[in-house]
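One structure is given here, and the rest of the page talks about it.
The values are calculated or read from the model by the stated rules, or taken from the named source; none is laboratory data. Please read all numbers here as calculations on a predicted model, not as lab measurements. Cβ sites come from the backbone with ideal geometry, for glycine too, and all protein chains shown count toward neighbours. What goes into the accessible areas is simple: the full protein's heavy atoms, side chains included, and nothing from ligands, DNA or RNA. Shrake-Rupley method; radii C 1.70, N 1.55, O 1.52, S 1.80 Å.
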Amino acid sequence: SSGINAERTLRPGGDFEREKSAAKENLQKSQQELTGLKNKLQQSDQESEKLKINADIDKLEKQFSEWKNKEAELEKQERLAPWNVDTICRDGFSKTTVNKLAKPKEVTEEERLSQSQAFMDQHKKQIEKFGFYSSWNDSKEYLLEHTHLACEDTANYLTYWCVNLQMEEKNSLMKQVAHQTIVMQYILELAKTMDVPPIACVNSFFTKIQLCDAKYMEGFNSELAAFIGRIERRAKEKTDKLIAEIEAEEREKRLGPGGLDPSEVYEELPEELQRCFDSKDISQLQDCLAKMPLAEAELCLQKCIDSGLWVPGPTGPAEEEEETPELEQ
């Protein structure tokens, strides 16, 4: 509960390393036994003995597969959870004393969103300043000076900002902010693992990220690369959607009285009719229509009227020659 100190001694390796070593040893042992049985099977001439050896081989192959899966799972845990409190520490900070995290007050989804937006509005400038830092030490000191920033809302704002920066084609700046987003997410994950407030993990995180071996840094960079990829895809989706909406609005504005797009109707017209509209030559247009089959000419003329390409006079286009056909620009 809140206010109670929970001390935990963190030692390099520990049970995880022993389990990993045991998996490796059993894997090698199974492999050796399998090789021996297969050699024995090749040398045997008795059918009954072959059946027994095959049964033993099936059993060993199953064990071998289980140990192989176990080894792969341990490697995955080590790669994807580099900040687990039992594996990340090194000599020099083997003991951590922190307060347990108090259970948060239950709020409705609407209240949570309102509180989150209020936090972002209030601390926008501070969050963005953190996003610009490229030094581990500067980032650490800034968070320790502004402890309220170590929270989910900061990570959410940074993510939102990354998407907007990418949409503005500020790719380099987006990658810088993305780096700080992953920093914040790692701190939050470490806090969740230890069940403590995020600010209690700031010192530990920055110490560990600077002192741990290449494998841990590789894990961080892998998460960063994946995050940048998601940001780039999300920004493209939003940009494409925005462009589609703008184009739909522009098309809506262009529609003629019959609901047709003049640009689309123009592209569908025969070339000789297109030239008439280009030159705004009414007599040439009428001549072209007269040469066409009646049904085709009436269809073209109606499309031109419905799209606003042709604006007939009170007595119809053929009798109102002063009316100039117009092509929507």
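Brief remarks follow.
- Applying Stokes-Einstein at 37 °C and 0.692 mPa s to the Kirkwood radius of region 185-308, computed over alpha-carbon pairs, gives a translational diffusion coefficient of 161 µm² s⁻¹.
- Bridging of LYS129 to lysines at a Cα separation below 28 Å is possible for LYS140, LYS170, LYS175, LYS192, LYS208, LYS236, LYS238, once same-chain residues fewer than 8 apart are set aside.
- Annotation for LEU299 and GLN63: the two label points, set 7 Å from Cα along the Cα-Cβ direction, are 7.9 nm apart.
- Cα-projected label distance for GLN31 with ASN54, points at 7 Å along beta-carbon direction, nm: 2.7
- Of the residues ALA191, PHE227, THR207, the one whose Cα sits farthest toward the positive end of the charge dipole of region 164-265, with +1 on the Cβ of Lys and Arg and -1 on the Cβ of Asp and Glu, is THR207.
- Modelled FRET efficiency - R0 30 Å, GLU264 with ARG234, Cβ distances, 0.05 increments: 0.40
- The figure for PHE64 is an accessible area of roughly 50 square angstrom, using a 1.4 Å probe on the protein chains alone.
- The stretch between THR147 and GLN122, if pulled fully straight at 0.36 nm per residue, gains 7.6 nm over its current Cα-Cα span.
- At R0 = 56 Å, FRET efficiency that the Cβ-Cβ distance of ILE243 and LYS24 yields, to 0.05: 0.55
- Theoretical FRET efficiency, 1/(1+(r/R0)^6), r = Cβ-Cβ of LYS105 and GLU168, R0 30 Å, to 0.05: 0.20
- Working from label points 7 Å from Cα in the Cα-to-Cβ sense, the LYS291 to GLU223 distance is 7.3 nm.
- Exceeding the 29 Å Cα-Cα cut-off - candidates LYS38/LYS215; LYS124/LYS215; LYS24/LYS59: LYS38/LYS215; LYS124/LYS215
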